[in-house]
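Everything below concerns the one structure shown next.
Only the coordinates and a few stated rules stand behind these numbers; no lab work does. Just so it is clear, the model here is predicted, and its values are computed rather than measured. All Cβ positions, glycine included, derive from the backbone under ideal geometry; neighbour counts span all protein chains shown.
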Amino acid sequence: MSRTALSEPWTPTRIGWLFQPVSDRGHEKAMVLSVYRDHGVIPKDSRTDNFNRTPENLSNYQLVQPGDLVVNRMKAWQGSLGISEHQGIVSPDYEVLRPTTLEYDRRFLHSLLRSRALIDQYALRSTGIRPSQWRLYWDEMKTIEISLPAAEQQRTIADYLDRETARIDTLIDEQQRLIDMLRERRQALVTRAVCFGVDGAVELRDSGDDLVGLVPQHWTVKSVRHWMESLDGQRIPLSGEERADRRGDFDYYGASGVIDHVDGYLFDEPLVLVSEDGANLLMRSTPISFAAKGRYWVNNHAHVLRPRGEGDVDFWAQRLEALDVTTVVSGATQPKLTAGALMGLRVSAPDDIDEQRQIAAYLAEQTSKIDLLIAESERFVELSRERRAALITAAVTGQIDVQEMA
């Protein structure tokens, strides 16, 4: 690694000289830890977005001590590793590495081993047919060369990074709160429009259904199966290998929207797609319902619905997005919205196609303004994270003299 800014010599070494594999099992009562790309090693129950089920039998889980390096073999090339500050146990699929010496600053090593420069090395040394199957094994990881400054200089660099990354993280947190607020505003706007229309003076009535509540006087309440026709029988899933052999220009939809492009299509009309499975059914961090148009392919992870009669797909995509599906989602490990559960949900909507189109047009105009603000904030967050990663890499590889910048 290049070191242009610092005059003091850095000592070359290898990861394998600093750590050695350990496998201490049989500690079922210890706290379960998990490894995140963005957070390193943390208690698993400290995150609400981890839907991987912890097995009942933890006897094969490995003990981790503070200072141990924990590596997710399958995601090391994405940066999913870190030096633990906690004692606990981790999946047997992880590599647990114990330091052979305590001469080095733990914070410095944590930043170095998670830096872009090292992540690139993990990717080069990972093996597998495709990225989703890549694994980094210790025999390869231990050969990676790194350079380390003296212990005092490590502490100086670590202190500098603590200060600077904290400043960047504060800015990111502020923008993330703004994004969350904008998304809440957007959702409230959509829910109001698709549940009550855009006429603020409309008279409401009791629907007679506790889950539906009040509805405009002239709207109808019916189950989804009476509003929409299911075309799920026409879906065909393609494996990753098949898609790789069939690259093309047609959108390939899954539960989260367009996930690939292939050389053929199954549908040639505007339709509504609804996620069938995935953690997002509960988290709702991205839409679960969207309008698909043109010619496209749909796999078996998204329900395919055609509005009956003259229903507007843009309206119905938003109307179904506003539904609370948490009460009918099944499966703890892999949340699933079955066709029967979806089609049985009761929904209020106007029968008049013109009113559906009016609501859809209003939402297209209003949400586009909010989406622009969200995109600007997300771009700021992306650039800030890139700057953060670049700063860490430059500092831990000696490309900048942090003493001059203190």
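Brief remarks on what is shown
- Exposure here means at most 10 other Cβ atoms within 10 Å; with trypsin sites (Lys or Arg not before Pro) in a DSSP loop as sites, the longest stretch of the chain lacking them is 54-406.
- DSSP beta bridge pairing in region 198-349, given as percent antiparallel to the nearest 5: 90 percent
- Rg/Rh for region 198-349 stands at 1.01; both radii use Cα atoms, and Rh follows the Kirkwood definition.
- Isotropically averaged projected area of the chain, using the convex hull of Cα atoms (one quarter of hull area), nm²: 23.6 nm²
- With helices as the sole contributors, the chain gives -11500 deg cm²/dmol at 222 nm; each DSSP H run of n ≥ 4 counts as -39500 (n - 2.57), and the sum is divided by every residue.
- Listing His303, His86, His226 from fewest to most neighbouring C-beta atoms within 10 Å gives His226, His86, His303.
- Which of Tyr253, Val313, Tyr160, positive extreme of dipole for the chain (C-beta unit charges): Tyr160
- Each Lys and Arg adds +1 at its Cβ and each Asp and Glu adds -1 at its Cβ; summed about the Cα centre, the chain shows a dipole of about 860 debye.
- Counting only DSSP beta bridges whose two residues both lie in the chain, roughly 95 percent are antiparallel.
- Rough spin-label spacing in nm, given labels placed 7 Å along Cα→Cβ, for Val328 and Lys222: 1.5 nm
- Solvent-free Debye calculation, one equal scatterer per alpha-carbon of region 11-149: log10 I(q)/I(0) at 0.10 Å⁻¹ equals -0.31.
- Given R0 = 51 Å, the distance between the Cβ atoms of Asp249 and Arg47 translates into a calculated FRET efficiency of 0.85.
- Selected from Val325, Val190, Val202 as most flexible by GNM, with the chain as the system and alpha-carbon contacts under 10 Å: Val202
- Max mean-square fluctuation residue, GNM over the chain, Cα-Cα springs under 10 Å, options Leu182, Leu305, Leu372: Leu372
- Between Val198 and Leu124, the modelled label-to-label distance comes to 5.6 nm, taking each label 7 Å out from Cα in the direction of the beta carbon.
- The residues Leu178, Leu363, when put in order of fewest to most other Cβ atoms within 10 Å, stand as Leu178, Leu363.
- Selection from Ser230, Gln217, Val194, by position along the positive dipole direction of region 189-238 (Cβ): Ser230
- Taking every full run of DSSP H in the chain, the ones that stretch at least 27 Å from end to end by Cα along their long axis and average -1.0 or higher on the Kyte-Doolittle scale are 151-196, 353-396.
- Counting only residues at least eight positions apart within a chain, or on another chain, the lysines with an alpha carbon under 28 Å from that of Lys293 are Lys222, Lys336, Lys369.
- Long-range Cα-Cα pairs in region 360-406 (distance over 16 Å), rounded percent: 59 percent
- In this structure, Arg163 and Lys336 have a Cβ-Cβ separation that, at R0 = 45 Å, corresponds to a calculated FRET efficiency of about 0.45.
- Stretchable slack from Thr143 to Glu174, in nm (0.36 nm times residue separation minus alpha-carbon distance): 7.1 nm
- Each of Ser285, Ser147 has some number of other Cβ atoms within 10 Å of its Cβ, and from fewest to most they run Ser285, Ser147.
- Dipole of the chain, positive end: most advanced residue of Ala395, Asn57, Ile359 [Cβ charges, Cα centre]: Asn57
- Local electrostatic count at Ser23 - Lys and Arg +1, Asp and Glu -1, tallied over other residues with Cβ under 11 Å: 0
- Förster-model FRET efficiency, 51 Å R0, Thr13 and Glu229, C-beta, rounded to 0.05: 0.20
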